[in-house]
Every structure is written in C-alpha cells, then in structure tokens.
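Q: Pasting a structure below so you can have a look.
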Amino acid sequence: MSLPRLAVCLILLAVSAPLAATQLQRMDGQTMGTTWSVQLVLPSAQSTEQVRRGIQAELDRVDGQMSTYRPQSELSRFNRAPAGSWQALPPEFFEVLQHALQLAKDSDGAYDPTVGPLVNLWGFGPDQRPRQPPTVAAIEQAKARVGWWKLRLDPVGHRAWQPGGVCVDLSAVAKGYGVDQVGRYLQRIGATTWLVEVGGELKARGRKPDGMPWRVGIERPDAAAGAVSAADELVRTIELDDRAVATSGDYRHVFEDNGRFYSHHIDPRSGWPVPHEVASVSVLANECMQADPLGTMLSVLGAEHGMAYAREHGLAVLMIVRTAQGFEQRMSPAFAAELRR
C-alpha cells in the first residue's frame with residue numbers, strides 16, 4: 001500500500017553476539033510505500049525464497065485491499081461507491097474497518113478512519129496536493145465529508161454502508177495489520193522465533209538462538225520539527241516477546257509555511273494539524289493493529305489528555321514531549337510495568 005510513511009522512530013538494536021547465518025535469517029522487501037524486514041529462524045521444511053514469497057504475498061494482499069493510492073484497491077472502490085449503497089468487503093478489510101470504527105467511537109473522534117478528505121487537503125494524501133495551509137472555507141468543506149458515525153457495518157454480510165462522499169483512510173492501521181498477518185503466516189509454517197517490521201512497526205515472538213530477547217530502540221527526535229537525531233541517539237530500549245510496538249511521530253512528514261510547521265497528524269474534529277508539544281508516541285500491545293492507530297489517536301489528544309486516556313484504558317504508552325528544557329519522556333504505568341518484566 002503506497003501509504004505515506006507514518007512518523008516512526010524505531011530502529012533495531014544489535015545487542016548480542018553475531019549469529020551464524022544458518023541460525024538467523026534476514027529477508028526484506030517493499031510494501032505499502034515503505035519497506036519490510038523479517039528476521040527468523042527458518043523452519044526446516046521451508047526455504048528462504050519460499051518464506052520470502054509467502055511474506056510478500058501476505059503484505060500484497062493487505063495492500064491490494066486497503067491502499068488509498070491504488071485506484072483498484074477494495075478501499076478505493078468503496079470510496080467511489082454510489083451514495084446510499086451497501087458494499088461487500090473482503091473479511092480482512094472488514095475486520096480492520098470494524099476495529100478502526102470502534103477506536104473512533106472510543107476516542108470521540110480523535111481518531112477517525114474517514115479523515116481522508118482532510119489528509120488530502122493538507123497535502124499528505126494520495127492526491128499529492130501542494131503542501132500549504134488551505135483556506136478556512138476549504139477546511140470546512142472537507143470536514144463536512146468526515147465523520148466515522150456516517151458509516152454502518154453489517155457483520156453478518158461483511159458489508160459497509162457508503163452514505164456518499166465518505167473517504168476511508170486506513171493508513172494509521174494497515175501497516176500494523178500487515179505486521180500481524182505476516183506473524184500469523186510465520187506461525188502457520190512453524191516458525192517460533194521471529195521479528196517482523198513494516199515501516200517501523202514491529203512484532204516479535206520467541207527469543208533469538210543465543211537466548212537473548214529481541215530488543216528495539218526508540219529514537220530521539222531532533223529539536224527541530226521535521227528532523228530526527230542521529231540513529232545512535234536512543235531515548236529508550238525495550239524487549240519484545242509476543243508483543244508489538246508502533247510509534248507515531250510528528251517530525252518526519254511536515255511542511256513549513258511562514259515559520260510555522262504543520263505535521264501530518266490531522267485532528268479530525270478541528271480539521272487542522274495538531275499544534276501541541278507531543279513529538280512521538282510509542283505503544284506496546286499484543287497486536288500491532290492495536291498499537292498502530294493508538295499512536296495516532298494519542299498524538300491528536302496531546303500530552304495531557306492522551307496520557308490520561310492511556311492510564312484510564314491501561315495502555316502501555318511512552319510519549320516524548322517537547323519542553324522548554326528539551327525532550328521529556330512520559331510513560332504510563334502499564335509501560336513502566338513492561339520495563340520491569
């Protein structure tokens with residue numbers, strides 16, 4: 001899916017002794033407008049090329065259903081569907097849309113999968129419009145097409161109601177879902193030790209052959225909007241075992257106009273990029289599909305309200321917040337507990 005790469009700030013850490021190539025295999029490729037990589041202990045009945053093709057097929061299927069950039073994707077077809085029509089959706093697309101709508105409801109619209117018109121208007125979507133602040137009238141016009149409550153789902157028939165003009169954008173969840181699907185594929189073929197990464201969103205299972213856990217680092221953003229620090233500057237390292245982590249940041253996809261920076265994090269409720277101090281949000285969860293959109297939603301809510309939401313819902317969240325003294329780390333109780341595991 002040629003999705004605009006979300007602001008991710010996770011890099012893999014080489015923290016243990018080198019392993020023989022026969023023990024730990026690495027493969028990679030391209031998907032969703034970004035890259036993917038997998039490290040795993042290869043099941044004896046599988047070849048590297050077989051597994052690589054299998055991984056690519058899983059990601060291509062997600063891309064083919066949920067891309068906003070592919071005119072013939074199932075999502076694009078739904079967005080073009082006639083007003084007042086029920087549209088049959090593939091089970092995977094339906095599952096992701098159902099999850100997205102539930103999060104939209106739970107967050108009172110801070111996350112909204114129908115935000116597509118606003119994303120396009122601000123120059124961060126598939127329409128590739130010039131990145132410049134639109135007029136207030138244009139923002140209000142785009143906002144009129146946004147609203148998760150306008151969609152209805154038929155769980156029995158796996159159908160969604162297109163009321164007309166609603167533009168679904170699953171960019172904040174599709175990569176995470178792709179990570180989960182690759183993980184399920186690896187489990188089906190008998191792989192018990194692996195780390196999957198798609199565009200910076202990760203999920204791991206088991207331990208490496210030397211007994212060490214999978215460890216990832218959360219990168220320190222630069223103080224300037226639109227920049228990140230050197231790759232070896234980390235604010236935190238975490239271990240993953242049967243867990244996923246996704247990071248959403250405001251510093252990679254930005255533009256500047258008259259001295260003001262505008263990020264790709266659009267508040268669906270106001271129609272404007274969020275102006276507050278949150279630089280990045282990292283979320284730990286059992287499934288990457290859960291973690292991925294939560295980072296976006298918590299970024300929109302901001303440092304105070306976002307962390308309050310995380311505490312109330314027991315979410316494992318690390319925020320990197322800009323202050324007058326520099327960056328400050330704020331973690332939820334659930335995230336702190338993860339570090340003590």
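The values are calculated or read from the model by the stated rules, or taken from the named source; none is laboratory data. This one's a predicted model, so the numbers in the text were calculated from it and none came from an experiment. Ideal geometry is used to build each Cβ from the backbone, glycine not excepted, and the neighbour counts take in all protein chains shown.
Q: Residues to consider are ARG61, ARG52, ARG80; find the one that is at pLDDT 95 or above and over 18 Å from SER171 (Cα atoms).
A: On the way: ARG61 fails: over 18 Å from SER171 (Cα atoms); ARG80 fails: over 18 Å from SER171 (Cα atoms).
Exactly one of ARG61, ARG52, ARG80 is at pLDDT 95 or above and over 18 Å from SER171 (Cα atoms), namely ARG52.
Q: Can you confirm whether LEU294 is aliphatic (A, V, I, L, M), closer than 18 Å to LEU234 by Cβ and either surrounded by fewer than 20 Cβ atoms within 10 Å (Cβ to Cβ) or at pLDDT 95 or above (or both)? Walk me through how you get there before you give the answer.
A: Working: aliphatic (A, V, I, L, M): yes; closer than 18 Å to LEU234 by Cβ: no; either surrounded by fewer than 20 Cβ atoms within 10 Å (Cβ to Cβ) or at pLDDT 95 or above (or both): yes.
Spelling it out, it is not the case that LEU294 is aliphatic (A, V, I, L, M), closer than 18 Å to LEU234 by Cβ and either surrounded by fewer than 20 Cβ atoms within 10 Å (Cβ to Cβ) or at pLDDT 95 or above (or both).
Q: Buried (at least 21 other Cβ atoms within 10 Å of the Cβ), of a type in the set (A, V, I, L, M, F, W, C) and modelled with pLDDT under 95 - does that describe any residue in the range 124-141?
A: Yes, the range 124-141 contains at least one residue that is buried (at least 21 other Cβ atoms within 10 Å of the Cβ), of a type in the set (A, V, I, L, M, F, W, C) and modelled with pLDDT under 95.
Q: What are the residues in the range 241-278 that are at pLDDT below 90, touching a helix residue (DSSP H, G or I) at 6+ places or on another chain (Cβ under 7 Å) and surrounded by fewer than 23 Cβ atoms within 10 Å (Cβ to Cβ), if any?
A: Those that are at pLDDT below 90, touching a helix residue (DSSP H, G or I) at 6+ places or on another chain (Cβ under 7 Å) and surrounded by fewer than 23 Cβ atoms within 10 Å (Cβ to Cβ): VAL274, HIS276, GLU277.
Q: In this structure, does ASP232 turn out to be surrounded by fewer than 17 Cβ atoms within 10 Å (Cβ to Cβ), farther than 22 Å from TRP36 by Cα, more than 19 Å from the chain's Cα centre (by Cα) and modelled with pLDDT under 75? If you could, list the steps in order and put the result at the bottom.
A: Working: surrounded by fewer than 17 Cβ atoms within 10 Å (Cβ to Cβ): yes; farther than 22 Å from TRP36 by Cα: no; more than 19 Å from the chain's Cα centre (by Cα): yes; modelled with pLDDT under 75: yes.
No, not satisfied.
Q: So which of GLN46, GLN30 ends up being at pLDDT 95 or above and either among the polar types (S, T, N, Q) or more than 22 Å from the chain's Cα centre (by Cα) (or both)? Walk me through it before giving the result.
A: Values: GLN46 fails: at pLDDT 95 or above.
None of the other options fit; the residue is GLN30.
Q: Among the residues of the range 143-164, what is the count of those that are surrounded by fewer than 21 Cβ atoms within 10 Å (Cβ to Cβ) and either under 22 Å from ASP108 (Cβ atoms) or of a type in the set (A, V, I, L, M, F, W, C) (or both)? Walk me through how you get there before you give the answer.
A: Step one: filter the range 143-164 for residues surrounded by fewer than 21 Cβ atoms within 10 Å (Cβ to Cβ), giving 143-145, 147, 149-159, 161, 163-164.
Narrowing the set further to residues that are either under 22 Å from ASP108 (Cβ atoms) or of a type in the set (A, V, I, L, M, F, W, C) (or both) leaves 143-145, 147, 149-153, 156, 161, 163.
Total satisfying the criteria: 12.
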